[in-house]
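The values are calculated or read from the model by the stated rules, or taken from the named source; none is laboratory data. Note that this is a predicted model, so its numbers are computed, not measured. Counting neighbours? That spans all protein chains shown, and the Cβs are built from the backbone with ideal geometry, glycine included. Side chains are part of the model used for accessible areas, which takes the heavy atoms of the whole protein and leaves out ligands, DNA and RNA. Shrake-Rupley method; radii C 1.70, N 1.55, O 1.52, S 1.80 Å.
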Amino acid sequence: MGLNSQFRDLGISETFEAYRDHVNTEVLDKHAHNIKTDELSLTKAKTSKDKANRATVENVLDPRTMRFLHALTSRGVISEMNGCLSTGKEANVYHAFSGYGNGDDQSRRELAIKIYKTSILVFKDRERYVDGEFRFRNSRSQHNPRKMIKIWAEKEFRNLKRIHQSKVIPAPEPIEVKSNVLVMEFLNRGDGFASPRVKDYPFKDGEEITFYYCTMVAYIRLLYQNCQLVHADLSEYNAIIHEKKLYIIDVSQSVQPEHPMSLDFLRMDIKNINSYFERMAIDIFPERIIFQFVISETLDKFGGDYNSVDDLVEYVAKTLPIKCTPEDEAEDGVFRSLHLVRNLGGLEERDFDRFTLGKFDLLKSLISSDNKKNAKNFTAAEQFEISSSSGEEDSASDSEGGDVSDSDEDSGIEEESDSDDSEKSYYEKTKELKGKKHEDKDSKKQRKEEAKESKRERRKTKVKKHVKKKLVKKTKSKK
Ligand SMILES: Nc1ncnc2c1ncn2[C@@H]1O[C@H](COP(=O)(O)OP(=O)(O)OP(=O)(O)O)[C@@H](O)[C@H]1O
Ligand SMILES: [Mg+2]
């Protein structure tokens with residue numbers, strides 16, 4: 001079955017011209033009652049014209065969008081517009097052709113056209129992805145949804161371009177962007193159908209599933225390290241298997257690592273990918289371990305090429321430990337609830353509350369193998385904040401020479417606490433057991449005494465909570 005019949009089944013098989021006429025008629029029919037045909041009043045006429053121009057069909061094809069499509073046709077970017085491949089919450093994706101040849105003509109090419117919906121509601125929660133993006137600092141128009149959508153389409157175009165040009169991760173080639181219309185390469189299965197999403201791919205066996213899982217994990221790292229991006233909506237729906245290769249799509253919401261929420265998005269991506277592959281009944285890796293694998297600049301015992309997908313996939317498959325025990329699950333549970341803070345700029349008031357509840361962690365304590373290096377990366381002011389807000393972390397490294405697992409264990413989880421062991425979370429306890437299981441009674445006692453003493457000392461010079469808040473506010477307002 002060819003594309004045309006595929007689209008016929010969808011009820012759409014018109015060429016672009018016919019399609020446009022059809023759509024325009026629909027718009028007229030739908031909004032005829034709004035268009036005044038009686039006596040002309042200048043102000044009223046203006047309103048009516050405005051309404052008709054903004055009326056949308058399927059939330060996508062409003063007359064403005066049709067004009068952009070027409071402009072792309074006039075410029076030869078699109079020669080023929082076909083049916084709809086996907087109607088989503090935020091965008092519809094259409095199939096189209098460029099060029100006029102009949103198969104053997106090189107210029108004839110299949111395209112995927114993603115048209116962002118111009119309805120306002122859907123885009124409401126999207127600001128958080130654009131907010132905090134350095135690249136979009138001047139172009140944010142959060143009060144104008146149409147401008148917002150334009151930014152959104154441009155963002156997807158730029159992100160796609162970045163990924164495509166990196167040549168390390170396959171992605172559809174971006175071709176054009178015009179307002180809310182994005183033109184890109186169409187990933188074709190070869191028989192007229194779009195290549196399947198991971199969700200729909202008919203995997204042969206567990207080995208094949210594991211291969212794509214490890215590839216996905218390697219891609220998350222490459223996206224972060226090479227493309228400087230966190231996908232932020234990664235799932236089995238937003239990856240396509242095309243010619244046996246995994247392609248990443250739908251990158252409009254992707255952010256750079258500097259984005260204040262990038263680490264939260266990264267953690268969410270890892271969770272989504274893990275939960276899909278877990279359902280596919282293969283062994284998966286702990287989320288925290290994948291997180292660490294993604295953000296660590298260098299990898300332990302890695303002799304391969306950091307730009308090579310194959311080398312990274314091999315490393316992932318051979319090196320990352322399998323998630324198998326209830327403790328692993330518990331650790332991931334805590335990992336998901338940690339508030340990830342990259343630096344002072346990301347500190348919020350709620351951090352202090354979370355901190356006292358034991359849910360606070362700092363990036364540097366999350367990635368144990370990068371601990372020392374990251375600690376050095378904090379500026380003096382940041383160090384001050386960190387030490388004043390996470391006393392235990394410092395006391396641990398003071399008293400124990402900054403030993404990696406120890407500072408990890410004590411990473412500021414009980415700031416104000418005179419809390420005893422019973423108040424500690426399951427996670428802290430298991431971590432402690434793991435880190436200190438070879439310690440004898442006396443040295444344990446001594447270590448605890450030292451820690452208590454150092455806590456006592458620290459309390460004497462402790463910065464009060466309200467002072468800390470003020471300090472953070474000051475730092476923020478300086479930015
Ligand atoms: N370049 C492409 N080639 C082939 N198929 C594509 C291409 N781009 C998108 N698709 C198909 O269209 C679907 C929707 O695309 P995409 O994920 O980019 O839109 P979306 O923003 O997720 O829409 P929504 O989230 O609202 O569902 C994909 O799942 C995929 O099946
Ligand atoms: Mg999608």
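What the table shows:
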| item | result |
| --- | --- |
| With all protein chains modelled, accessible area of PHE193 [1.4 Å, Å²] | 50 Å² |
| In nm, spacing of pseudo-spin labels at ARG336 and ARG64 (7 Å Cα→C-beta vector) | 4.0 nm |
| Extended-chain gain in nm, criterion 0.36 nm per residue less alpha-carbon gap, SER308 and LYS444 | 44.4 nm |
| Cα gyration tensor, the range 145-192 - rounded (a/c under 1.5), prolate or oblate | oblate |
| Solvent-accessible heavy-atom area per residue, rounded to whole Å², over the range 184-317 at 1.4 Å | 40 Å² |
| 11 Å reach of a label modelled at ASP200, 7 Å along Cα-to-Cβ, counting backbone N of the range 216-253 | 241 |
| Other-chain or far-sequence residues with amide H under 5 Å of ALA194's (modelled H) | ARG189 |
| Residues whose placed amide H lies under 5 Å from that of SER254, excluding near-sequence neighbours | none |
| Calculated FRET efficiency for the pair CYS324/ARG459, C-beta based, R₀ 60 Å, to 0.05 | 0.90 |
| In sequence order, calculated HN-Hα J values of the range 166-173 (Karplus, 6.51, -1.76, 1.60; Hz; x Gly/Pro) | 5, 6, 9, 10, x, 8, x, 6 |
| Calculated FRET efficiency for the pair LYS301/ASN188, C-beta based, R₀ 30 Å, to 0.05 | 0.15 |
| ARG108, ARG64, reordered so the largest accessible area comes first (probe 1.4 Å) | ARG64, ARG108 |
| Contour excess over end-to-end distance, with Cα ends at GLN165 and THR87 and 0.36 nm allotted per residue | 25.3 nm |
| Accessible-area composition of the range 135-239, carbon plus sulfur, in percent [1.4 Å probe] | 45 percent |
| Efficiency of FRET from Cβ geometry, SER275 and LYS245, R₀ 25 Å, rounded to 0.05 | 0.60 |
| Nearest-10 value in Å² for the accessible area of GLU457, using the 1.4 Å probe | 90 Å² |
